[in-house]
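Comments concern the structure below.
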Amino acid sequence: MLVTNDPYEVSVELPTVETYLRLRPAAGLSAMPAEGAVLGLPNTWHAVQVRHNGEPVGMGRVIGDGGCFFQVVDICVLPDHQGRGLGKRIMAELIGELERRAPTGAYVSLIADGDARHLYQKFGFRETAPASVGMHRTV
């Protein structure tokens, strides 16, 4: 019999607007406007949360058109819970779902901040430069 003392639960679950707005900046990502979260979260293709004692401490989402293009976004874990492999568990769930449901040949992208690129490389992501360069614009 396998006994585990894992205090973390990874669940397929869309974060609430409140959770989303709290986790992003608390984990070091940029804050997002509430209006954007209200409009954007329901369009998520796949989402996971990590809970510790029932409280959300991490999350990740996949967004996209459902066929040709997908983007991995919002990968974050609260600082007090980092260094425990939770980002890896979030990514494993998201990539597993992409491999199960996304059509063959779909393009999956993400923006890697700092050393997070090392985590993403473990899941097959490669830098696009110099062939192409990621760009962004804020409205």
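The values are calculated or read from the model by the stated rules, or taken from the named source; none is laboratory data. What you see is a predicted model; the values in this text were computed from it and never measured. Here the Cβ is made from the backbone with ideal geometry for all residues, glycine too, and neighbour counts use every protein chain on show. Protein only, heavy atoms only, side chains kept; ligands, DNA and RNA dropped before computing areas. Shrake-Rupley method; radii C 1.70, N 1.55, O 1.52, S 1.80 Å.
Quick notes
- In the elastic network of the chain, a GNM with C-alpha springs shorter than 10 Å, the most mobile of Gly87, Gly60, Gly105 is Gly105.
- Of the solvent-accessible surface of the chain, computed with a 1.4 Å probe over protein heavy atoms with every protein chain present, carbon and sulfur atoms account for 55 percent.
- A DSSP coil position with no more than 10 other Cβ atoms inside 10 Å describes the following trypsin sites (Lys or Arg not before Pro) in segment 43-139: Arg126, Arg137.
- Springs between Cα atoms under 10 Å define the GNM used for the chain, and in it the highest mean-square fluctuation of Glu35, Glu97, Glu13 occurs at Glu35.
- Listed residues Thr19, Thr44, Thr104, most fluctuating in the chain (Gaussian network, C-alpha, under 10 Å): Thr104
- Length gained on full extension, Cys68 to Val139: 23.1 nm, using 0.36 nm per residue less the C-alpha separation.
- From the alpha carbon centroid of segment 20-42 to that of segment 59-124 is 17 Å.
- Per residue accessible area in Å² of segment 1-81, where ligands, DNA and RNA are left out and the probe is 1.4 Å: 54
- When you restrict to C-alpha pairs under 8 Å that are six or more residues apart and normalise by the size of segment 40-139, the relative contact order lands at 23 percent.
- Of Leu110, Gly124, Asn43, farthest towards positive along the dipole that unit charges on Lys, Arg, Asp, Glu beta carbons give the chain: Gly124
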